[in-house]
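First comes the structure, then the notes that go with it.
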């Protein structure tokens, strides 16, 4: 397993900007560590950790803390790894996901993530208000919330630099509150049990209540556009904040288990205030925790919105993408502030709290998945200077999904559906990015792995589908049979079309792509190429021989016959080459006046003693489905007494081949040229041909006799209409 490898800071030459245009950016402590710590050490630590210990005991609480932290540790390691591999832009996780899975995936995650960050700020302000009202119950809740909101908005609007300085003050208050609690004298003679009885809730219910306490590890990553060295600061700041807060949580859990009984811990939310060396310091810590979390969200959310707007992912992007000379997204800040105040006016947002957590977890999960995919693809472009074992992002992704459904299955489904809807909407907008992403490589890697598996198993008749090899002499004048080709390949077939020319400078590949674009747009897999050769037949032979050894090789050579007989020898050689390579052959003679008529009726001609009819029947069925037409199964004999036997033959064959119920059976008596005139009128007549040299003059004559387009089909031996 790959060992953990830490990055080395590269020596980079600082190019000083003029003082008037220099943008003040943040380092690891100010830009990542501090916002992360202040967001993670939130109100749950002060008001719910005691309840967790009271139910679970110290060892149970330790298991819950470590299990919850394991998810964020995996996510933090994945974030650290990928940010040392790419030039991360503004928006943190949104930037990482967009550059890896495309703007559609990034936007479908980024938009809910932005909304979650914004609503989180509203939730934290409501939490601050409730804490404030415990001290000053006579104050008006809405006035307290609005005052806190306005103060935080002013701080974030002035500059991120000013907001970070305010966060330092809040961190000092938090440190003082924790110190006051840890100075509590341990006088309890009988400390809490190591393993609790889970009287209020079972293990997983307690875990679900605690888990949101460890989220918030993206607070620093959201500031990625304002960091001096995001490749260094995000990994170092994120991992150190996760580990430091884990030590604090474990220490608090142990201390709580020593100073109060389980009953006291479960029944008293303010236990930390009541037992602290100086209670007001802990109260200040509670208020500071809510304010710091709210401020972190109010700093991060506008920057996510601005990053979304830069890539035109959101409406009114021209307004939201604007930034000041100091790199402040003030339009996004104002909009986010209004959004938060509107949420505050709605009142209690507890109903949305679980949904907010779901979007955080989905973001973490997708981030882990991105790293796991890149590691699994083994592409040379993924060479992070901070390497992690492959099981780390895998466990992180699986853990996030598990936590989602553990906390709230209903909101998990709602969140997933929301992201899918957003992805479809963004995909229809056909967003264009100025960077590449993994999607093409991902599907190519999957196809390569699938091809390795497919090579272990021979092709079977049960999985047959029409995969055409299509030589095109001149794309500019070759448009007649396109609709017909579509009708024999849609929806699951494929087309490999090529042309041969001598001069690469005048390549016809663009014309070839344009020719087959309508079929490709309908979802049929179309591949086109131009072969540089002086001889069409020689170039086509090379194509047939080359593709015959590939995993996804064509199985039918499709040819057309015109009125001119000059190319008949070339066509016969192509048929011979196709037969040697075990390709089926389809030769189309399109009637000059009637073409394919109403595209309704298909005559399939069969001989009772010929084995060469499987491909013809399969093509007939393809046409019948796409034409919504009817089939006439036709056979002929010069002898009248063969009529009954041939009728039985057609009926049994129709039953074994599961032909549509509307299929009609026709037995015609006489010589071929006579019975052709007796056959029911059809929009196309399909005939089997043997393995002898094909007479193209005969093909032209039959088309004139039937007064319809005709298709002549030769099996490869690898098809069966009876499976």
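The values are calculated or read from the model by the stated rules, or taken from the named source; none is laboratory data. Remember, it's a predicted structure, so these values are computed and weren't measured experimentally. Backbone-built Cβ (ideal geometry, glycine too); neighbour counts: all protein chains shown.
Residue by residue through the stretch 255-264, note down the ones that are assigned to a helix (DSSP H, G or I) and surrounded by fewer than 24 Cβ atoms within 10 Å (Cβ to Cβ).
255, 258, 259, 262, 263, 264
Please find, among 542, 557, 588, the residue that is closer than 19 Å to residue 464 by Cβ and either assigned by TED's automatic domain parsing to the domain that holds residue 672 or touching a residue at least 40 places away in the same chain (Cβ under 8 Å) (or both).
Being closer than 19 Å to residue 464 by Cβ and either assigned by TED's automatic domain parsing to the domain that holds residue 672 or touching a residue at least 40 places away in the same chain (Cβ under 8 Å) (or both) holds for just one of 542, 557, 588, which is 557.
Within the stretch 193-226, which residues are crowded, with 23+ Cβ neighbours inside 10 Å and either in contact with a strand residue (DSSP E or B) (Cβ under 7 Å, 6 or more places away or on another chain) or in a loop (DSSP other than H, G, I, E, B) (or both)?
Of everything in the stretch 193-226, those that are crowded, with 23+ Cβ neighbours inside 10 Å and either in contact with a strand residue (DSSP E or B) (Cβ under 7 Å, 6 or more places away or on another chain) or in a loop (DSSP other than H, G, I, E, B) (or both) turn out to be 196, 215, 216, 217, 218, 219, 220, 223, 226.
Looking at 495, 420, 416, 485 in this structure, which one is more than 16 Å from the chain's Cα centre (by Cα), at pLDDT 70 or above and in a helix (DSSP H, G or I)? Give the steps one after another, and end with the answer.
Numbers: 495 fails: in a helix (DSSP H, G or I); 420 fails: more than 16 Å from the chain's Cα centre (by Cα); 416 fails: more than 16 Å from the chain's Cα centre (by Cα).
Step by step, each of 495, 420, 416, 485 is checked, and only 485 is more than 16 Å from the chain's Cα centre (by Cα), at pLDDT 70 or above and in a helix (DSSP H, G or I).
Going by the conditions given, is residue 503 under 19 Å from residue 578 (Cβ atoms), modelled with pLDDT under 90 and over 29 Å from the mean Cα position of the chain (by Cα)?
Details: under 19 Å from residue 578 (Cβ atoms): no; modelled with pLDDT under 90: yes; over 29 Å from the mean Cα position of the chain (by Cα): yes.
No, not satisfied.
Which one is modelled with the lowest pLDDT, of the residues in the stretch 161-191 that are surrounded by 15 or more Cβ atoms within 10 Å (Cβ to Cβ) and within 24 Å of residue 56 (Cα to Cα)?
191
Condition first: over 18 Å from residue 30 (Cβ atoms) and touching a helix residue (DSSP H, G or I) at 6+ places or on another chain (Cβ under 6 Å). Now tell me which residues in the stretch 153-185 satisfy that.
Scanning the stretch 153-185 gives 153, 157, 176, 177, 180, 181, 184.
Quick check on this structure: which one of 446, 442, 470 is at pLDDT 80 or above and either assigned to a helix (DSSP H, G or I) or within 30 Å of residue 614 (Cα to Cα) (or both)? Break it down into steps so the answer makes sense when it comes.
Numbers: 446 fails: at pLDDT 80 or above; 442 fails: at pLDDT 80 or above.
After applying the criteria, what remains is 470.
Name the single residue that is surrounded by the fewest Cβ atoms within 10 Å (Cβ to Cβ) among those in the stretch 54-90 being more than 17 Å from residue 237 (Cβ to Cβ) and at pLDDT below 90.
In this case the residue turns out to be 87.
Could you look through the stretch 376-394, keep only residues that are modelled with pLDDT of 80 or more and in contact with a helix residue (DSSP H, G or I) (Cβ under 7 Å, 6 or more places away or on another chain), and pick out the one that is nearest to residue 233 (Cα to Cα)? Spell out how you get there, then give the answer.
The first filter runs over the stretch 376-394 and keeps only residues modelled with pLDDT of 80 or more, leaving 376, 383-394.
The next check asks that each one be in contact with a helix residue (DSSP H, G or I) (Cβ under 7 Å, 6 or more places away or on another chain); those that pass are 384, 386-388, 390, 392-394.
Details: 384: 15, 386: 12, 387: 16, 388: 17, 390: 23, 392: 21, 393: 20, 394: 24 Å.
Taking the candidates together, the pick is 386.
Does residue 285 meet the test of being within 15 Å of residue 177 (Cβ to Cβ) and either in contact with a helix residue (DSSP H, G or I) (Cβ under 6 Å, 6 or more places away or on another chain) or in a loop (DSSP other than H, G, I, E, B) (or both)? Write out each step before concluding.
Details: within 15 Å of residue 177 (Cβ to Cβ): yes; either in contact with a helix residue (DSSP H, G or I) (Cβ under 6 Å, 6 or more places away or on another chain) or in a loop (DSSP other than H, G, I, E, B) (or both): yes.
Yes: the conditions hold for residue 285.
Determine which member of the set 287, 291, 295, 345 is closer than 20 Å to residue 130 by Cβ, touching a residue at least 24 places away in the same chain (Cβ under 8 Å) and surrounded by fewer than 16 Cβ atoms within 10 Å (Cβ to Cβ). Walk me through it before giving the result.
Details: 287 fails: surrounded by fewer than 16 Cβ atoms within 10 Å (Cβ to Cβ); 291 fails: surrounded by fewer than 16 Cβ atoms within 10 Å (Cβ to Cβ); 295 fails: surrounded by fewer than 16 Cβ atoms within 10 Å (Cβ to Cβ).
Answer to the check: 345.
What helices (runs of 4 or more DSSP H), lying completely within the stretch 603-690, carry at least 2 residues that are more than 26 Å from residue 462 (Cα to Cα), without any contact (Cβ under 8 Å) to a residue 12 or more places away in the chain and touching a strand residue (DSSP E or B) at 6+ places or on another chain (Cβ under 7 Å)?
Once the helices (runs of 4 or more DSSP H) in the stretch 603-690 are filtered for at least 2 residues that are more than 26 Å from residue 462 (Cα to Cα), without any contact (Cβ under 8 Å) to a residue 12 or more places away in the chain and touching a strand residue (DSSP E or B) at 6+ places or on another chain (Cβ under 7 Å), nothing remains.
Kindly establish whether residue 101 is under 18 Å from residue 359 (Cα atoms) and either in contact with a helix residue (DSSP H, G or I) (Cβ under 6 Å, 6 or more places away or on another chain) or modelled with pLDDT under 85 (or both).
When the stated conditions are applied, residue 101 passes them.
Here are some conditions: (1) under 25 Å from residue 79 (Cα atoms); (2) in contact with a helix residue (DSSP H, G or I) (Cβ under 7 Å, 6 or more places away or on another chain). Residue 247 meets all but one. Which one does it not meet?
Looking at each condition in turn, residue 247 falls short on (2).
Could you tell me whether the stretch 228-250 includes any residue that is outside any helix (DSSP H, G or I), at pLDDT below 90 and under 18 Å from residue 300 (Cβ atoms)?
Yes, there is a match, as at least one residue in the stretch 228-250 is outside any helix (DSSP H, G or I), at pLDDT below 90 and under 18 Å from residue 300 (Cβ atoms).
Checking residue 534 against (1) in contact with a helix residue (DSSP H, G or I) (Cβ under 9 Å, 6 or more places away or on another chain); (2) farther than 23 Å from residue 482 by Cα; (3) loosely packed, with under 12 Cβ neighbours inside 10 Å, only one condition comes out false. Which one?
In the conditions (1) in contact with a helix residue (DSSP H, G or I) (Cβ under 9 Å, 6 or more places away or on another chain); (2) farther than 23 Å from residue 482 by Cα; (3) loosely packed, with under 12 Cβ neighbours inside 10 Å, residue 534 misses (1) alone.
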